[in-house]
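These notes are about the structure you will find just below.
The values are calculated or read from the model by the stated rules, or taken from the named source; none is laboratory data. Since the model is a prediction, treat every value here as computed from it, not as a measurement. Here the Cβ positions follow ideal geometry from the backbone for every residue, glycine too, while neighbour counts run over all protein chains shown.
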Amino acid sequence: MNQEVTQYIDKIDQKWQTETCTHLRGAILQSVPGVEELLQYGKPHYKKNGKYVCAYNTAKAWVSFTLFNAGSLELPEGLFEPGDNDDRKTIKIHEGQDMDSSILAKLLQQAATT
């Protein structure tokens, strides 16, 4: 675990965002063995074999989770924000929103191998 990422999470003001980021971090580290965790551009990023897998950060009312290498993945309808970039898909997680850990783990594993 990268100490800079730990410090990033520890500095988050809203408890639910801290919990969400901690949950995301755990899911990423468990789902993608050997993933590299780093703080880049002021937010946590995760790389496998030199390629980005995902990143997350907080905003005023949500936690933004971006999945890289998503162009060839079968994504659940309505989970990700619409966008022009097929290779990057983002979820805006709001307070009280449940995240299906099994779906997240599957998508992370697929993104790490593409």
Kindly indicate which of 76, 44 is in a strand (DSSP E or B), within 19 Å of residue 112 (Cα to Cα) and in contact (Cβ under 8 Å) with a residue 24 or more places away in the chain.
-> 44
Hits in region 1-55 - residues which are more than 19 Å from residue 68 (Cβ to Cβ) and either over 15 Å from the mean Cα position of the chain (by Cα) or of a type in the set (A, V, I, L, M, F, W, C) (or both) | 1, 3, 4, 7, 9, 10, 11, 12, 13, 14, 15, 16
Determine whether residue 79 is surrounded by 11 or more Cβ atoms within 10 Å (Cβ to Cβ), over 21 Å from residue 47 (Cβ atoms), touching a strand residue (DSSP E or B) at 6+ places or on another chain (Cβ under 7 Å) and not aromatic (Phe, Trp, Tyr).
-> yes
Restricting attention to region 86-105, and to residues there that are among the small types (Gly, Ala, Ser) and either assigned to a strand (DSSP E or B) or surrounded by 13 or more Cβ atoms within 10 Å (Cβ to Cβ) (or both), which single residue is modelled with the highest pLDDT?
-> 105
Of those in region 4-24 that are assigned to a helix (DSSP H, G or I) and aliphatic (A, V, I, L, M), the residue nearest to residue 101 (Cα to Cα) is 24
Which of the residues belonging to region 63-73 are in a strand (DSSP E or B) and hydroxyl-bearing (Ser, Thr, Tyr)?
-> 64, 66
